[in-house]
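Accompanying notes for the structure given below.
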Amino acid sequence: MPSAYVLINCEPGFENEIIKGLEQIPEMVEISKVDGTYDMIAKVRANNIDKIKEIIDLKIRRLELVKYTLTLIAMESVSFSHDASRKG
């Protein structure tokens, strides 16, 4: 299933309001606040790339207080887990 990471820049101080809006999108998998040029990164997963584009254009970018976005389409994913309690 295709996925994309959307870096989101928003009006300062309104991150929680945007997260509330993003949570209403069924295809939203994960949202993280980050430091740097962008304020948060959101992971979106859908049945096809066209649906991902639609979600970004019609739902994410139209959220009030979102200034701009940068989208990264995942070409291939590799999943693994580490035991964080294990010291190496």
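The values are calculated or read from the model by the stated rules, or taken from the named source; none is laboratory data. As the structure is a prediction and not an experimental result, all values here were calculated from the model. Ideal geometry is used to build each Cβ from the backbone, glycine not excepted, and the neighbour counts take in all protein chains shown.
Among the small types (G, A, S), outside any loop (DSSP other than H, G, I, E, B) and more than 11 Å from the chain's Cα centre (by Cα): is that true of G21 in this structure? Criteria met by G21. Inspection of the stretch 18-25 identifies no residue that is touching a Ser or Thr at 6+ places or on another chain (Cβ under 9 Å) and surrounded by fewer than 18 Cβ atoms within 10 Å (Cβ to Cβ). Does the stretch 1-22 hold any residues that are under 17 Å from G36 (Cβ atoms) and of a type in the set (S, T, N, Q), and which are they? N9 - this is the single residue of the stretch 1-22 that is under 17 Å from G36 (Cβ atoms) and of a type in the set (S, T, N, Q).
Looking at I31, is it under 18 Å from Y68 (Cβ atoms), without any contact (Cβ under 8 Å) to a residue 24 or more places away in the chain and in a strand (DSSP E or B)? It is true that I31 is under 18 Å from Y68 (Cβ atoms), without any contact (Cβ under 8 Å) to a residue 24 or more places away in the chain and in a strand (DSSP E or B). Close contacts from the stretch 51-76, counting a first residue that is within 17 Å of E11 (Cα to Cα) and a second that is among the hydroxyl-bearing types (S, T, Y) and assigned to a strand (DSSP E or B), with Cβ to Cβ under 8 Å and a gap of 6+ residues or different chains, come to I60/T69; R61/T69. A count restricted to the stretch 1-35 and to residues that are among the hydrophobic types (A, V, I, L, M, F, W, C) and closer than 12 Å to I55 by Cβ stands at 6. For the criterion of being surrounded by fewer than 18 Cβ atoms within 10 Å (Cβ to Cβ) and over 14 Å from V66 (Cβ atoms), Y5 passes. Of the residues making up the stretch 50-71, those that are surrounded by 12 or more Cβ atoms within 10 Å (Cβ to Cβ) and farther than 19 Å from E17 by Cα number 6.
Is it fair to say I41 is closer than 24 Å to M1 by Cβ and modelled with pLDDT of 95 or more? So I41 passes the test.
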